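Where a number appears in this text, it was derived from the coordinates with a stated rule and is not lab data. The model shown is predicted, which means the values in this text are computed figures rather than measured ones. Counting neighbours? That spans all protein chains shown, and the Cβs are built from the backbone with ideal geometry, glycine included.
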Amino acid sequence: MSNDSKFLARVLRHAPDEIGLSLGEQGWVRVEELLRAMKKAGRPLTRSQLEEIVATNDKSRFTLRGEMIRAAQGHSVDVDLGLPALEPPETLYHGTASRNLDAIFATGLVSGRRRQVHLSPDPATASRVGERHGKPTVLRVDAGRMHADGYAFYRADNGVWLTDEVPASYLGFGMT
């Protein structure tokens, strides 16, 4: 991920105030306002450079709609993406570092610094996520059973599934 993309992700997910931005309730900010704030912060971008970052980001981290932009998910700042609750697939996956397994099976998956737990639609994506943190392990999440038990799921603009928590009783190993 380019330095501009990393900086943009940090600003739109975690630290908008770092460059004097205020995100709307659902995380949106006007493109013009973002570009002006980036320039003031010594990180100038053109509209076409911004569009290139959005189009080529490997994880589709950003959503650009007309004159508005936001991070698709992964916020630590207080935003409500306004996503509708959806019925998830029967199985979702979570990639993590092997060293985290004892804690995960003791407490389940919790959001930590982010607003929600992130789940992947397939084991390969989850493995790539886990690799960022060390030796990866892919956990199977019984999302269908969780949903039937009343847990809400949301799908971000980039296809990442979100939920508030995953109790350990819904977790397992394997790809099936």
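For the stretch 26-63, which positions are part of a helix (DSSP H, G or I) and under 30 Å from Ala126 (Cβ atoms)?
Let us first name the residues in the stretch 26-63 that are part of a helix (DSSP H, G or I), namely 31-40, 47-56.
Leu50, Glu51, Glu52, Ile53, Val54, Ala55, Thr56, listed by residue number.
Inside the stretch 69-85, can you point out the residues that are loosely packed, with under 12 Cβ neighbours inside 10 Å and farther than 25 Å from Glu33 by Cα?
Going residue by residue through the stretch 69-85, those that are loosely packed, with under 12 Cβ neighbours inside 10 Å are 78, 80, 82, 84.
Within the stretch 69-85, just Pro84 meets the criteria.
Count of the stretch 125-162 residues, restricted to those that are touching a residue at least 60 places away in the same chain (Cβ under 8 Å) and surrounded by 17 or more Cβ atoms within 10 Å (Cβ to Cβ), is 9. Would you confirm whether or not the stretch 164-173 contains a residue that is closer than 20 Å to His14 by Cα, surrounded by 13 or more Cβ atoms within 10 Å (Cβ to Cβ) and of a type in the set (Phe, Trp, Tyr)? For the stretch 164-173, residues closer than 20 Å to His14 by Cα, surrounded by 13 or more Cβ atoms within 10 Å (Cβ to Cβ) and of a type in the set (Phe, Trp, Tyr): absent. Every condition in (1) over 16 Å from the mean Cα position of the chain (by Cα); (2) surrounded by fewer than 19 Cβ atoms within 10 Å (Cβ to Cβ) is met by Leu50 except one, and the failing one is (2).
Can you tell me how many residues within the stretch 4-25 are part of a helix (DSSP H, G or I) and either within 15 Å of the chain's Cα centre (by Cα) or surrounded by 14 or more Cβ atoms within 10 Å (Cβ to Cβ) (or both)?
Initial filter on the stretch 4-25 (part of a helix (DSSP H, G or I)): 4-13, 16-19.
From what's left, either within 15 Å of the chain's Cα centre (by Cα) or surrounded by 14 or more Cβ atoms within 10 Å (Cβ to Cβ) (or both): 4-13, 16, 19.
Number of matching residues: 12.
With the structure loaded, tell me whether Arg113 is of a type in the set (D, E, K, R), touching a residue at least 12 places away in the same chain (Cβ under 8 Å) and either within 23 Å of Arg61 (Cα to Cα) or not in a helix (DSSP H, G or I) (or both) or whether it fails that test. Considered against the rule, which asks whether it is of a type in the set (D, E, K, R), touching a residue at least 12 places away in the same chain (Cβ under 8 Å) and either within 23 Å of Arg61 (Cα to Cα) or not in a helix (DSSP H, G or I) (or both), Arg113 comes out as yes. Checking Leu86, Leu139 one by one, the residue that is part of a loop (DSSP other than H, G, I, E, B) and under 18 Å from the mean Cα position of the chain (by Cα) is Leu86 and no other.
Out of Thr91, Thr63, Thr107, I need the residue that is of a type in the set (S, T, N, Q), surrounded by fewer than 20 Cβ atoms within 10 Å (Cβ to Cβ), in contact (Cβ under 8 Å) with a residue 60 or more places away in the chain and under 18 Å from Glu25 (Cβ atoms). Which one? Of Thr91, Thr63, Thr107, the one residue that is of a type in the set (S, T, N, Q), surrounded by fewer than 20 Cβ atoms within 10 Å (Cβ to Cβ), in contact (Cβ under 8 Å) with a residue 60 or more places away in the chain and under 18 Å from Glu25 (Cβ atoms) is Thr63.
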